[in-house]
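As structure tokens, the structure follows; a few thoughts come after it.
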Amino acid sequence: MRNWQLLANQLKSNPSVIAVLNRAQILDDCYSLAKSLMIPYAFVFSLTEYVRKIENQFSPWQAFLNALQHLFNMLQLTPSYTYFQSYVRRLIQKQYQRINFELDDSFNTFQESLHNQAIVSWACSSNHGDCIRKSQKYFQKWMEDDSSGSKMSSVPVNFRKPMYCSIIENGGKTEWDFLWKKYVDSDTPTETKTLIQGLACSKDLIILNKLLELALNPDSEIRQQDGVLVLKEVAINPLGKDLVFNLLQTNWTRVQNYLSNVDIVVGVIGDQYNTVEQLHQLLRFKAKYGSDFGPSQRSVYQTIEKVKSNIQWMSINYKSISNLLKEYVNYGSR
């Protein structure tokens, strides 16, 4: 642990003496070791201020944000999630303020573009006020331009995925119907994917169920090749993952016969499940359809093991992580 502390001290005082890729590897290793209970999470959180205040390079930020995805998956339906969102907002604020939303992306390097996309994605998903307001502004302009005959999206192309999601998550039927029409009319695979990702962010369970039913209906506007993406994106939605799993439990044969690569959807559900009851549901699912899993069998078995690991992680770490987040947020508000 002493060597790790020395590395942490160097990062906090003068990180430039450590190569960029090595800084990224240090952050990645720290989180992996914390997940494996080899170093305390308090040590990982102690690096937050270095990342927040000093680090500006893509690779270390990517490593740190990738690590946060696991915390997001584990905490999203717990009382500590609001603290996690506050933690993320404070963490990314400096980087967010550096982004020029009006600048043509061609002026950025490839890594700068990826970095900005990641920061905006985390900003919108953590309910960052300015990210939500910008999403609303761009989307409103798009709807106004569309009514005047211009069909081009006003939302900056690199930020469409998080901003479409923010609009649908915080908007209503008008915004969803508008984006749905854009999906129906879309003939560009990249834009089609982004539109589906946005549509699946709805908080309306009726709309999410409607999406799932349309995805399995050969006569609907959802193309068959897009069906598995619809299920995957609804499963990523904290309010949608149980809807998707219920669909799999009650319509497994129908889903598997109509869609390909369903194992991807099963894996997404497993990333987020972390309770004993959810494990029991998966075990019942396995008992009911075990002989019919076909190419998805391995994914289902891996998902069950992943959920067992998630349950263990929650039992060991949830309380301490919750306290660390509260301390960090309260400290930052002083």
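The values are calculated or read from the model by the stated rules, or taken from the named source; none is laboratory data. This structure is a prediction, so every number in the text was calculated from the model and none was measured. Neighbour counts are summed over all protein chains in view; Cβ atoms, including those assigned to glycine, are modelled from backbone coordinates with ideal geometry. Remember, those area values only see protein heavy atoms, side chains included, never the ligands or the DNA or RNA. Shrake-Rupley method; radii C 1.70, N 1.55, O 1.52, S 1.80 Å.
If you take all other residues with their beta carbon under 13 Å from the beta carbon of residue 306, and give Lys and Arg +1 and Asp and Glu -1, the sum is 0.
Divide by every residue of the chain the summed helix terms, -39500 (n - 2.57) for each DSSP H run of at least 4, and state the resulting mean residue ellipticity at 222 nm, rounded to the nearest 500 deg cm²/dmol. Write out the running numbers ahead of the final one.
Details: 17 runs with 244 residues, N = 334.
One gets -23500 deg cm²/dmol as the mean residue ellipticity at 222 nm.
What's the longest piece of the chain with no exposed GluC sites (Glu not before Pro), counting a site as exposed if DSSP puts it in a loop and it has at most 15 other beta carbons within 10 Å? Provide the component values of the computation, followed by the final result.
Numbers: sites that count: 102, 221.
Longest stretch, sites excluded: 103-220.
Rolling a 1.4 Å probe across the protein heavy atoms gives the range 1-99 an accessible surface of 47 Å² per residue.
Residue 67 sits among other residues whose Cβ lies under 15 Å from its own Cβ, and their net charge, with Lys and Arg +1 and Asp and Glu -1, is -1. By the beta carbon rule, with partners counted only under 4.7 Å, the chain holds these lone Cys residues: 30.
When the alpha carbon coordinates of the chain are projected onto the principal axes, the ranges are 62, 56, 33 Å, largest first.
Evaluate the relative contact order of the chain (contact order divided by residue number), counting alpha-carbon pairs under 8 angstrom at least 6 apart; express in whole percent. Mind dumping the intermediate values first?
Numbers: 323 pairs, mean separation 44.0, N = 334.
Relative contact order for the chain comes out at 13 percent.
Just to confirm my numbers, what's the Cα centroid distance between the range 191-261 and the range 104-144 in Å? Comparing the Cα centres of the range 191-261 and the range 104-144, I get a distance of 25 Å. Around the Cα centre of the range 1-148, unit charges on the Cβ atoms of Lys, Arg, Asp and Glu (plus for the first two, minus for the last two) sum to a dipole of about 660 debye. Within the same chain, lysines fewer than 8 places from residue 94 are excluded, and of the rest, those with a Cα less than 26 Å from its Cα are 12, 53, 134, 137, 161, 326.
In the elastic network of the chain, a GNM with C-alpha springs shorter than 10 Å, the most mobile of 241, 232, 286 is 286. Our analysis of the range 62-113 gives Rg over Rh at 1.09, with the two radii drawn from alpha carbon positions and Rh computed by the Kirkwood formula.
When the surface is traced with a 1.4 Å probe over the full set of protein chains, residue 280 keeps roughly 80 Å² accessible. Comparing 227, 240, 172, which has the greatest mean-square fluctuation in the GNM of the chain with Cα pairs linked when under 10 Å apart? Comparing 227, 240, 172 in the GNM, the peak value goes to 172. Between residue 330 and residue 178, the modelled labels are 4.2 nm apart [label points 7 Å from Cα along Cα→Cβ]. The Cβ shell under 14 Å around residue 20 holds other residues with a net charge of -2, Lys and Arg each +1, Asp and Glu each -1. Ordering 163, 152, 314 by accessible surface, largest first, gives 152, 314, 163; the 1.4 Å probe counts only protein heavy atoms, with every chain in place.
GNM remark for the chain: springs join alpha carbons under 10 Å apart, and the peak mean-square fluctuation among 189, 60, 238 falls on 189.
Solvent-accessible area of residue 64, all protein chains in place: 10 Å² (probe radius 1.4 Å, heavy atoms, ligands and nucleic acids excluded).
Might you tell me the accessible area per residue for the range 208-269, computed with a 1.4 Å probe and given in Å²? With all protein chains present, the range 208-269 gives 40 Å² per residue. The share of accessible area on the chain that comes from carbon and sulfur is 51 percent, using a 1.4 angstrom probe.
What FRET efficiency comes out for the pair residue 206/residue 170, r = Cβ-Cβ distance, R0 = 22 Å, nearest 0.05?
Values: r = 17 Å, r/R0 = 0.79.
That gives a FRET efficiency of 0.80.
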